[in-house]
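The values are calculated or read from the model by the stated rules, or taken from the named source; none is laboratory data. Everything numeric in this text was worked out from a predicted model, so none of it was measured. Virtual Cβ from ideal backbone geometry, glycine too; neighbours counted across all protein chains shown.
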């Protein structure tokens, strides 16, 4: 069975939202630390490596994560509804 566009959009959007929740802190380190302009040499930047190795997450945005899970569930529900209707 092939996915319809709306099913695909829900599934991919949910996955993207979940991915965002796991990577937002790394992005903020890049932006706030002004490391973005040297993105391709970060592996050699001692200050960046020190920040990354000593960083501990203090929070996680569970609400946005739950939104991503919800989007994926809607996508799965739509696929299931269409497949059982046939």
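Numerical summary
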| read-out | value |
| --- | --- |
| Residues (surrounded by 11 or more Cβ atoms within 10 Å (Cβ to Cβ), without any contact (Cβ under 8 Å) to a residue 24 or more places away in the chain and under 30 Å from residue 11 (Cβ atoms)) located in the stretch 37-69 | 66 |
| Test: residue in the stretch 2-15 that is surrounded by fewer than 12 Cβ atoms within 10 Å (Cβ to Cβ) and either in contact with a strand residue (DSSP E or B) (Cβ under 7 Å, 6 or more places away or on another chain) or modelled with pLDDT under 90 (or both) | no |
| Count of residues meeting criterion [free of Cβ contacts under 8 Å to residues at least 24 places away in the same chain and part of a helix (DSSP H, G or I)] in the stretch 27-36 | 6 |
| Counted residues, the stretch 56-86 - those being farther than 19 Å from residue 19 by Cα and within 24 Å of the chain's Cα centre (by Cα) | 3 |
